[in-house]
Amino acid sequence: MVVLLSNWSDVQSVPERYIFPSDVRPGNLDFPTYTDIPVIDLGNPDKNETIQQILKACQDSGIFQVINHGVSEDLMDETMNVLEEFFNLPGEYKERFYSQDITKPCRIFSSTLAYETEEFHYWRDNFTHRCHPLEDNIHSWPENPTKYRSVVSKYSVETRMLLLRILNMISQGLGIEPGYFEGELSKTHLFSVNHHIPCPDPSLTLGMPVHADPNLITLLHQGHVPGLQLLKDGRWTEVAPLRNAFIILPGLTLKVVSNDRFNTAIHRVVTNSKQTRTTIGVFLGPSQEISIEPAGALVDSGEAPVYRGFTYPELFNVFKVNHCDALRCFKTDSN
């Protein structure tokens, strides 16, 4: 059975399967705003200063925002608009892409890939497709809206270039050879959109589970509707949208490559009672075959590796069970 929340209309109450237990649901929605997220100006002519700001953000909070990043405001708005158009299309069209098979190059589903077996459902639809190489994947993308392929392909190319630029600054700051993160470590490129229709009672449900991203690095375009929350000192805090900024999250894979120098922010999503919320995630991650391990430049000088090598499928299998502590079983005996 195909279930997509974007096909629902005039929802008056939260269905029982979407109501989480009292110790998991948000409850009181009066959350403080997280005011300490670094905002890094990528237009700063002092590149070394920018590199140090990025390293500090990765080490301290595991999240930062970038401005003057080179992706135009018009392209950001046009991409968000075409995605909102997509979710407003008739259900029969969207259902052509419905799949819970993670190997599908283009898929839409509701809640999680385990919808049929999960005890509680998350208040979201997710639409994900592969982007790299573009010529190998664009044919699987929607043909409607008519501008979808032209707009999203440009957005995908520009945001990939931006993430590789940030990764190159990270490699320079860590003393890793140039281009280290290109190739197999960033071979997988996913464009992933979460769509949350207005929820009658946001205190009862969640838009996404509590997790830390398992991939290499994430770019998040949050739009103008709040909902992203970070776990800070044991409390959930709101991340206020910043116009024309991208949120950058170093993933668990990057945490391993940095030999545990970096943090990865634990986050979740809450719903909104009045507005639809659409967000764009761009995920770069490793190929299925490469061994994920601390960078040689960081351990060849005698520094003990914190993690043993493993593949991304091995990590993802653990991540599906434990979203926030997936790396624990990959630590070396000395750690």
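No value in this document is a laboratory result; all are computed from the given coordinates. What you see is a predicted model, and the numbers here were worked out from it, not measured in a lab. Neighbour counts are summed over all protein chains in view; Cβ atoms, including those assigned to glycine, are modelled from backbone coordinates with ideal geometry.
Summary table
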read-out: Hypothetical label at Cys324: residues of region 233-275 whose amide nitrogen lies under 15 Å (7 Å Cα-Cβ projection); value: 233-238, 264-270
read-out: Candidates per trypsin sites (Lys or Arg not before Pro) in region 150-259, loop by DSSP, up to 16 other Cβ within 10 Å; value: Arg243
read-out: Choice from Asp201, Asp325, Asp300 showing the highest fluctuation, given a GNM over the chain with Cα pairs closer than 10 Å; value: Asp300
read-out: GNM top mover of Leu162, Leu89, Leu252 - the chain, alpha-carbon springs below 10 Å; value: Leu89
read-out: Ranking of His69, His132, His224 by count of other Cβ atoms within 10 Å, fewest first; value: His224, His132, His69
read-out: Links that overshoot a 28 Å alpha carbon limit, given the list Lys47/Lys255; Lys154/Lys320; Lys232/Lys331; Lys47/Lys154; Lys47/Lys147; Lys47/Lys320; value: Lys154/Lys320; Lys47/Lys147; Lys47/Lys320
read-out: Difference of contour (0.36 nm per residue) and Cα-Cα distance, Arg261 to Glu184; value: 25.6 nm
read-out: Value of [θ]222 nm, deg cm²/dmol, for the chain, DSSP H segments ≥ 4, -39500 (n - 2.57) each, nearest 500; value: -7000 deg cm²/dmol
read-out: Sequence of Asp23, Asp213 once ranked by neighbouring C-beta atoms within 10 Å, starting from the fewest; value: Asp23, Asp213
read-out: GNM flexibility winner over the chain from Pro15, Pro214, Pro38 (Cα, springs under 10 Å); value: Pro15
